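Here's the structure we're looking at; comments come further down.
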Amino acid sequence: MDEDMIFDPSLKKKKKKKTGFDIDAALAEQENTSVEAPAETGDVDVPDDDNLDLDTFGKKKKKKKKFFNLEEIENALPETPPAEEPEPQEEDAVDDLVLEIDFSKSKKKKKKKNNVDDLTVEDDIKGEDQENVEDVHGDWIGSDRDYTYDELLERVFDIMREKNPSMVSGKKQKFIMRPPQVVRIGTKKTSFANFTEICKTLHRQPKHLLDFLLAELGTSGSVDGNSQLIIKGRFQQKQIENVLRRYIKEYVTCHTCRSPDTILQKDTRLFFLQCETCGSRCSVASIKSGFQAVTGKRAAIRAKTA
Amino acid sequence: MSIQNLNTFDPFADAIKSSEDDVQDGLVHVRIQQRNGRKTLTTVQGLSSEYDLKKIVRACKKEFACNGTVVEHPEYGEVLQLQGDQRENICQWLTKSGLVKPEQLKVHGF
């Protein structure tokens with residue numbers, strides 16, 4: 001971590017110099033930051049603020065690169081907002097597909113849109129942050145007092161969050177997926193429009209999810225040509241969401257570490273859930289529709305069987 | 001003098017007992033089925049055959065003000081059927097009367 005932090009400012013400096021960018025103010029601040037950065041590395045345990053700083057560093061790199069290229073090509077107009085616009089959108093798309101989302105992304109997006117002008121702003125923010133940090137750590141460093149349990153606990157979690165954000169469960173392991181699009185067809189059927197898409201996001205066979213849905217809802221249904229699921233009966237989006245949530249809990253997330261990064265494999269008639277994160281492997285309940293009462297017309301059934 | 005370690009222990013005692021319960025995993029499944037229109041049907045599968053399901057259904061009918069029957073099924077044994085969405089009611093009632101433990105209940109449907 002320390003190395004990174006030492007490393008980053010220098011990188012940033014180089015790039016800034018290369019660009020020969022017109023912001024004198026930025027240069028001045030750059031010096032500020034380079035002065036401040038070592039101080040920061042001095043007291044290692046900077047939790048959230050470090051993250052912020054690292055983020056901004058990364059961003060600056062990107063920005064600089066971009067503008068560098070652009071300048072080479074055009075030799076003019078350092079600020080080209082349209083060139084940057086597409087990227088955040090792409091990221092949006094990626095966000096939707098990818099299940100886990102760092103919450104740093106939202107920050108990035110905001111700042112990217114703001115363009116170069118906010119370099120100064122960012123630096124200002126950083127300055128503030130570091131002041132805050134020093135405030136926070138002032139009472140850590142100077143005094144010999146006993147640390148309270150809460151403080152230490154917070155510190156440990158902050159460090160954990162900072163060093164590998166994926167480890168701290170609950171924070172990063174957010175499971176975000178598109179809501180199911182449920183539309184009524186006529187009065188008796190329901191269409192689940194993005195069924196295959198959801199199967200893909202969950203990395204499960206459509207057949208498996210289909211079996212589960214139909215067994216849970218106690219109805220019949222099938223996938224039609226447009227890869228949407230047609231279910232018999234009236235269902236609302238909320239109800240389908242509920243069932244999907246149950247499916248995810250049982251068949252997608254690892255029972256041990258709750259990571260969604262799992263593989264469902266069939267082994268001697270039983271389904272096993274293999275976790276890619278923690279390596280655990282456990283069997284999951286088989287899908288059974290159980291007892292189905294007669295709801296249709298009995299005469300029709302009798303006619304069919306006889 | 002009895003030494004606990006030397007006592008013979010039948011490892012299959014549990015298995016035999018639970019298989020007698022005519023339920024695969026001791027779970028009581030509460031399901032809902034849609035009928036025509038807004039009508040629904042609640043089925044309760046997996047209640048222990050020690051209990052007199054007829055009496056249970058009689059009590060439930062009175063309690064929830066709905067009709068109901070006991071259906072005999074070759075695979076699942078006796079199954080309780082109640083008219084309407086009685087999932088909440090039946091779960092509460094079964095746990096309150098002590099027939100089923102809350103962790104044994106499994107509610108299906110939306």
Completion exercise
So, first residue at the interface with chain B (Cβ under 9 Å from one of its Cβ atoms) in the stretch A:291-306, second residue hydrophobic (A, V, I, L, M, F, W, C), Cβ within less than 6 Å, six or more apart or across chains; the pairs are A:Phe291/B:Val79; A:Ala293/B:Leu41
Handout entry: Test set (1) more than 20 Å from B:Leu27 (Cβ to Cβ); (2) more than 14 Å from every other protein chain (Cβ to nearest Cβ) - A:Gly233 fails condition number
Key = (2)
Practice task
Look at A:Asn242 and say whether it is at pLDDT 85 or above and under 23 Å from the mean Cα position of the chain (by Cα).
Solution key: yes
Practice task
Taking the residues in the stretch B:41-59 that are in a loop (DSSP other than H, G, I, E, B) and within 14 Å of chain A (Cβ to nearest Cβ) as candidates, determine which candidate is nearest to A:Leu213 (Cα to Cα).
Solution key: B:Gly46
Practice task
Please indicate, with yes or no, whether at least one residue in the stretch A:198-207 is within 14 Å of chain B (Cβ to nearest Cβ) and part of a loop (DSSP other than H, G, I, E, B).
Solution key: no
Fill in the blank from the handout: Scanning the stretch B:86-110 residue by residue, the ones that are within 13 Å of B:Val30 (Cα to Cα) and part of a loop (DSSP other than H, G, I, E, B) total 5
Problem - Residue in the stretch B:60-110 that is nearest to the other protein chains (Cβ to nearest Cβ), counting only those that are surrounded by fewer than 18 Cβ atoms within 10 Å (Cβ to Cβ) and of a type in the set (Gly, Ala, Ser) - result: B:Ala65
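Quick one: is B:Arg38 among the basic types (Lys, Arg), at pLDDT 90 or above and either assigned to a loop (DSSP other than H, G, I, E, B) or over 11 Å from the mean Cα position of the chain (by Cα) (or both)? Let's see the steps before the verdict.
Details: among the basic types (Lys, Arg): yes; at pLDDT 90 or above: no; either assigned to a loop (DSSP other than H, G, I, E, B) or over 11 Å from the mean Cα position of the chain (by Cα) (or both): yes.
The answer is no for B:Arg38.
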Practice task
Determine whether A:Ile240 is of a type in the set (Val, Ile, Thr), part of a helix (DSSP H, G or I) and more than 14 Å from chain B (Cβ to nearest Cβ).
Solution key: no
Fill in the blank from the handout: Expected single match for within 11 Å of another protein chain (Cβ to nearest Cβ), in a loop (DSSP other than H, G, I, E, B) and either under 22 Å from the mean Cα position of the chain (by Cα) or under 22 Å from B:Thr43 (Cα atoms) (or both) among A:Thr277, A:Thr256, A:Thr219 is A:Thr219
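The values are calculated or read from the model by the stated rules, or taken from the named source; none is laboratory data. Everything numeric in this text was worked out from a predicted model, so none of it was measured. Virtual Cβ from ideal backbone geometry, glycine too; neighbours counted across all protein chains shown.
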